[in-house]
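To keep things clear, I will list the structure first and then write my remarks on it.
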Amino acid sequence: MLPFFLLAQYDMDNNKPGEEKEKKFSLFEVKQRIYAGGDFSFSLPSGMTYLYIAPLAGYDIVKQKLSAGLSTMYQFYGIRIGNQYQTWHSYGGGVFLRYRPWKPLLLQTEFDLYNTNNFADGTFERINVPLFLVGAGYARSMGDKAYSQFMLFYDLIQDPNNPLPRIFLNVPIHIKFGFVVYLG
């Protein structure tokens, strides 16, 4: 008895006109949709130190229109009270969804969870504080792959321990300013 083998191949380049070819995965196309950036703030008024760092990374679901991503945050407050210097730290992260109906306009919603001190009851114990922010902003192009952003957010949860600074004392509106750079 003799063994018998039959081998065959299908060549995608031999598709008939009008037939759609299978799309190949392209790392370059994925890289063009990924962006990184964040917000940064630093202040040294008399007797106080303030530092805010908030990196973010996102992915364009619909190229340069609709994106989603992750953000993190670290915040440091230092205040001189009499002869003592008190410090507080807040940190955490969250998820965001961003829509750009036209290039300069940004609409964003985000949910964050921050670990901070309990300022509301004066115990200063560590607690977790949720934030649900909705906002709009302006994006100024810095070439094809980058833009600066200025955004105003309204906090829907309004937890009194929200560590983000407010524009006005009794209104839960927050400012974020930062940069975004596309990797591809």
Subject >> Candidate set: region 51-73, residues that are among the polar types (S, T, N, Q) and assigned to a strand (DSSP E or B); chosen: the one farthest from the chain's Cα centre (by Cα) >> reply: Ser67
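Rundown of residues vs (1) modelled with pLDDT of 95 or more; (2) of a type in the set (Ser, Thr, Tyr); (3) surrounded by 15 or more Cβ atoms within 10 Å (Cβ to Cβ), yes/no style:
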| residue | (1), (2), (3) |
| --- | --- |
| Tyr52 | no, yes, yes |
| Gly82 | no, no, no |
| Thr87 | no, yes, no |
| Gly93 | yes, no, yes |
**OP:** Collect the residues in region 74-104 that are under 15 Å from the mean Cα position of the chain (by Cα) and of a type in the set (Val, Ile, Thr), keeping them in residue-number order.
**Re:** Val95
**OP:** Quick one: in region 141-176, of everything that is touching a strand residue (DSSP E or B) at 6+ places or on another chain (Cβ under 6 Å) and exposed (fewer than 12 other Cβ atoms within 10 Å of the Cβ), which residue is nearest to Leu51 (Cα to Cα)?
**Re:** Ile167
**OP:** Would you mention how many residues in region 117-149 are aromatic (Phe, Trp, Tyr) and either modelled with pLDDT of 95 or more or closer than 16 Å to Val181 by Cβ (or both)?
**Re:** 3
Original post:
Can you tell me which of Leu97, Leu105 is loosely packed, with under 13 Cβ neighbours inside 10 Å, within 20 Å of Phe150 (Cβ to Cβ), modelled with pLDDT of 95 or more and not polar (S, T, N, Q)?
Top reply: Leu105
**OP:** Take Thr116 and decide whether it is β-branched (Val, Ile, Thr) and surrounded by 14 or more Cβ atoms within 10 Å (Cβ to Cβ).
**Re:** yes
Original post:
Which residue out of Phe40, Phe96, Phe28, Phe76 is in a strand (DSSP E or B), among the hydrophobic types (A, V, I, L, M, F, W, C), farther than 20 Å from Tyr154 by Cβ and in contact with a Gly (Cβ under 8 Å, 6 or more places away or on another chain)?
Top reply: Phe40
Subject >> Which numbered condition Ile157 misses (of (1) among the β-branched types (Val, Ile, Thr); (2) modelled with pLDDT under 95; (3) within 18 Å of Pro130 (Cβ to Cβ)) >> reply: (2)
Original post:
Only one of these conditions is not met by Val180: (1) within 22 Å of Gln32 (Cα to Cα); (2) at pLDDT below 95. Which number is it?
Top reply: (2)
**OP:** Name every residue in region 121-140 that is in contact (Cβ under 8 Å) with a residue 12 or more places away in the chain and either touching a Ser or Thr at 6+ places or on another chain (Cβ under 6 Å) or loosely packed, with under 12 Cβ neighbours inside 10 Å (or both), in order of residue number.
**Re:** Asn128, Val129, Val134, Arg140
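The values are calculated or read from the model by the stated rules, or taken from the named source; none is laboratory data. Predicted model, so just to flag it, every value in this text is computed and none were measured. All Cβ positions, glycine included, derive from the backbone under ideal geometry; neighbour counts span all protein chains shown.
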